[in-house]
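First up is the structure itself, then whatever we jot down about it.
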Amino acid sequence: MIFKKALGLNYDDESVIAGETHTLPYACRVMDPGVIQVYHKLTGWVYIAALPSKYTDELYRIFNQVNPCVPAKNVLQTTLTNGNPAIHPAGTLMMAAWIEATGGDFYFYENGIQPSVGRLIRSIDTERLSIAKAMGFDLYPGPVLTKKQGYLIEDDYENCYRSAPGFKGVKAPQKLDTRYFHEDVGFGLVLFEELGRKFGVEVSNISSVITIASTIMQRDYRAERARTLDKLGLGDLSCQELLNCL
C-alpha cells in the first residue's frame, strides 16, 4: 500500500501490481558491514497477497516457484499475520534493564523469553488474533504458525521460544533504541490498536505496551502516526468498505 501511494497510484490501479509476504522467507541478522548470518530458512507457510487482491493467485504462482507460500485474502491479512509486533516489543520491554546493563550481551530468545515474558506475548497475540477474526481472517496463533515454518519444536507461548532451533544464537538488541520498538510498536502495534478499536475488539494489552514503550523511550508512538489508517487513506471508510477496497 505504501509502495503504490509513493507511485501516486490508487490501490485498485492495475498498471502496477504490488504484493507482499507476511514475513521474510529466512531469519537473518547483520553481523558486520556486508556480513549477514542466516539463522533459519523457513520451511514454508509464508503468506502472500497482491494489491489489488484479485491478482494474488497470479502472484502466488510466480513466487511459489521460488519459495513455498500460501495465498492470503488481501494485504490486511498479511499485515496481521506478522508476529513481530507481538514478540519483539513485549520481550524488549521485559528485558529493558538487562539490555541496558549488558549492552544486549545475551540471547534474546534462549535467555530472555522466560515463561512470564511468554505470557505477555500470548496476551498481545490473542488480541491480534481477535482483530483478525473480527475482520474475517482465521489466523494461526504465533507459535503454531512459527512451528509450521520450522522455527519451533514446541508451540506453547511460555516455553517454545527458548527451545527454538530457528531462533538459536540470536542476540538481544545492544540498546533500547532499536527497531524492536520503533518498527514493531510505531508501525505495528499502533496500527493493530487502531484496527482493534475500529472493529470493536478489546486491545488493552496492545495499548499498554504502546504506552509503556512510549514512556521509557521518551517519544509518543501514537502521535508520530508512522502507520495509521489515515496515512493509508483508509481512515474514513466503514469496516465493510475497508475490507472491500483492497
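The values are calculated or read from the model by the stated rules, or taken from the named source; none is laboratory data. Quick caveat: nothing in here was measured; it's all calculated off a predicted structure. All Cβ positions, glycine included, derive from the backbone under ideal geometry; neighbour counts span all protein chains shown.
Things to note:
- For region 109-137, the set of residues classified as in a helix (DSSP H, G or I), touching a Cys at 6+ places or on another chain (Cβ under 9 Å) and crowded, with 18+ Cβ neighbours inside 10 Å consists of 118 only.
- Entirely in region 138-246, the helices (runs of 4 or more DSSP H) that have 2 or more residues that are more than 17 Å from the chain's Cα centre (by Cα) and either of a type outside the set (Lys, Arg) or on the phi > 0 side of the Ramachandran plot (or both): 204-217, 221-224, 239-244
- Those residues of region 200-212 which are surrounded by 18 or more Cβ atoms within 10 Å (Cβ to Cβ) and out of contact with any Pro (no Cβ under 6 Å at 6 or more places or on another chain), in sequence order: 201, 203, 205, 206, 207, 210
- Of the candidates 41, 73, the single residue that is under 21 Å from the mean Cα position of the chain (by Cα), at pLDDT 95 or above and among the basic types (Lys, Arg) is 73.
- Single condition residue 1 does not satisfy, out of (1) in contact (Cβ under 8 Å) with a residue 24 or more places away in the chain; (2) surrounded by fewer than 14 Cβ atoms within 10 Å (Cβ to Cβ): (2)
- Scanning region 150-187 for residues that are closer than 15 Å to residue 82 by Cβ, out of contact with any Asp or Glu (no Cβ under 8 Å at 6 or more places or on another chain) and modelled with pLDDT of 95 or more turns up 179, 180, 183, 184, 185, 187.
- Residues in region 81-103 that are outside any helix (DSSP H, G or I) and either within 22 Å of residue 151 (Cα to Cα) or at pLDDT below 95 (or both): 3 in all.
- Residues of region 162-188 satisfying the condition of being among the acidic types (Asp, Glu) and surrounded by 22 or more Cβ atoms within 10 Å (Cβ to Cβ): 184
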